């Protein structure tokens, strides 16, 4: 994240001796991106962070493409059979070489620690509450939160109230939109959100436990490791690299005299995809405006929309936790009657997350099992 943070105690300079009151050296660890040439944080441990004791089992993950026709889809994810913690409950629905989109119905707290070694993650909290504990500190989680967790961060989630989470795993860094940042990384004046809206970790006392298990996610599975000391034994850190939270309700929508295209709703970007937030907003104010979106053929992207709540202005038959998937190669737009229904309307109360990918998505069998096969024909007037 492109703004500086500091927590706990740190030395006056990087890479110099830093000791406790008994003269023992603290262990410095650099966590960096881009081969020492991108954003980073320096963290300071009580114990050596590389004290590996055991190498456990490797649990293979094999994402398989379901055999499906090229057509629009309506996936009712509220019916997904999912229980467990924030990792074991994940049910992959869509994927390509850039990302994996999963749904998780989180019913219990995590017992072990977790680290994604090959990807960044965005967790969207649709319902429930909990706490993310990490080596950088803790973050309270509530409805509407986007939880951005860069790769390499060690974390676990404890559950206060069962959560339903939309998970996006990215092969490359998750960033705020380039068009909303200046050359120094600061969010611009016309950005729909600012650094004031971003919650950063609350530092807590070092955890000085022994013998802890960490599950590390890799491209094709999860490897378990046992360490001599707990990785949350930090006495301080500083830098630009840490997990953070942004709540969708803090997104300030950009509106106009006529209908604004989806890019104005962009919230995050990854390599090969964007994440957008559709939030309650006033409609257009041209005297002959058409609030509902026009039909469009976005020939370079697949479109995923995850419906949170409210009345979505362009669709019929959509419910909470529905996902509509419109692949590139086909036009899509409002259902019959929705354009006429929108005329004269002054506002919408819709709340939804959109993910546009610039490579075709693969569907899993789990997604197809939840698919409404009649959805492609729902544009025919009955």
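The values are calculated or read from the model by the stated rules, or taken from the named source; none is laboratory data. None of the values given here were measured: they were computed from a predicted structure. Positions of Cβ are generated from backbone atoms using ideal geometry, with glycine treated the same way; all protein chains shown enter the neighbour counts.
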(request) Go through (1) surrounded by fewer than 14 Cβ atoms within 10 Å (Cβ to Cβ); (2) at pLDDT below 95; (3) in a loop (DSSP other than H, G, I, E, B) one by one and return the number of the condition residue 185 breaks. (result) (1)
(message) Of the conditions (1) in a strand (DSSP E or B); (2) at pLDDT 95 or above; (3) over 22 Å from residue 124 (Cα atoms), residue 211 satisfies every one except a single condition; which number is it?
(response) (2)
(request) For region 188-202, name all the residues that are in contact with a strand residue (DSSP E or B) (Cβ under 9 Å, 6 or more places away or on another chain), in a loop (DSSP other than H, G, I, E, B) and surrounded by fewer than 18 Cβ atoms within 10 Å (Cβ to Cβ). (result) 188, 194, 200
(message) Conditions first: (1) exposed (fewer than 15 other Cβ atoms within 10 Å of the Cβ); (2) farther than 22 Å from residue 357 by Cβ. Residue 178 passes all but one, so which condition is the exception?
(response) (2)
(request) Identify the single condition in (1) without any contact (Cβ under 8 Å) to a residue 60 or more places away in the chain; (2) outside any strand (DSSP E or B); (3) crowded, with 17+ Cβ neighbours inside 10 Å that residue 241 does not satisfy, given that it satisfies every other one. (result) (1)
(request) Select from region 137-156 the residues that are within 23 Å of residue 80 (Cβ to Cβ) and outside any strand (DSSP E or B) and list them in ascending order. (result) 142, 143, 144
(request) Could you list all residues from region 91-118 that are crowded, with 22+ Cβ neighbours inside 10 Å, under 14 Å from the mean Cα position of the chain (by Cα) and more than 30 Å from residue 335 (Cα to Cα)? (result) 116
(message) Regarding region 17-28, can at least one residue be identified that is at pLDDT 95 or above, surrounded by 10 or more Cβ atoms within 10 Å (Cβ to Cβ) and under 30 Å from the mean Cα position of the chain (by Cα)?
(response) yes
(message) Restricting to region 135-152, name every residue that is more than 20 Å from residue 353 (Cβ to Cβ) and crowded, with 23+ Cβ neighbours inside 10 Å.
(response) 135, 136
(request) Determine, yes or no, whether residue 159 is assigned to a strand (DSSP E or B) and closer than 19 Å to residue 219 by Cα. (result) no
(message) Can you tell me how many residues within region 277-300 are over 23 Å from residue 336 (Cβ atoms) and under 19 Å from the mean Cα position of the chain (by Cα)?
(response) 2
